[in-house]
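The values are calculated or read from the model by the stated rules, or taken from the named source; none is laboratory data. Keep in mind the model is a prediction, meaning the values are calculated, not measured. Using ideal geometry, Cβ is built from the backbone for each residue, glycine included, and neighbour counts are taken over all protein chains shown.
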Amino acid sequence: MSLFDQVNEGIKDAMKSKQEGRLRALRGIKAALLLAKTEKGAEDTLTEAKEMQVLTKMMKQREESYATYTQQNRPDLAAAEKEEMDVIAAFLPKQMSAEELRAEVAAIITQLGASGMKDMGRVMGTATKQLAGKTDGDKIAAVVKEILGA
């Protein structure tokens with residue numbers, strides 16, 4: 001079952017069980033996927049990588065909002081963001097630990113034969129594609145800099 005179908009099924013279930021927060025999050029996911037499908041240059045169907053990119057972007061937005069609301073002492077808004085984060089996380093693959101990320105990046109660097117910071121762009125391009133949805137791009141960049149800069 002495609003991600004779009006899973007979201008539609010989730011919307012039906014959330015409506016039946018009157019889970020407003022879950023319903024709001026699922027409708028947001030559906031809207032983001034539809035938008036990605038219809039944007040200029042997009043194909044009629046989304047690849048799994050593009051779906052993960054959309055979900056990752058949504059997750060990052062929710063995390064930033066959650067941090068802001070927590071910092072500004074707005075627990076009501078923070079709770080809503082946290083609820084949406086939980087729903088989005090259910091559709092994302094398991095996030096990599098720091099050790100797993102370091103091992104993957106080291107393997108990519110070895111595979112590409114990268115030797116210094118001049119190769120960072122090549123390593124980032126490959127790593128970002130291979131690890132899409134499994135970790136954040138900022139974390140990948142930090143590990144690549146650490147390994148190549150050493």
I'd like to know if the range 84-99 contains one or more residues that are closer than 30 Å to Leu148 by Cβ and part of a helix (DSSP H, G or I).
yes
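Taking Arg74 as the residue in question, decide whether it is more than 21 Å from the chain's Cα centre (by Cα) and closer than 20 Å to Ala25 by Cα. Full working, then the answer.
Details: more than 21 Å from the chain's Cα centre (by Cα): yes; closer than 20 Å to Ala25 by Cα: yes.
So Arg74 fits the description; yes.
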The residue from Ala67, Ala78 that alone is assigned by TED's automatic domain parsing to the domain that holds Lys50, part of a helix (DSSP H, G or I) and in contact with a Ser or Thr (Cβ under 9 Å, 6 or more places away or on another chain) is Ala78
The one condition Val123 fails out of (1) surrounded by fewer than 13 Cβ atoms within 10 Å (Cβ to Cβ); (2) farther than 30 Å from Val7 by Cα is (1)
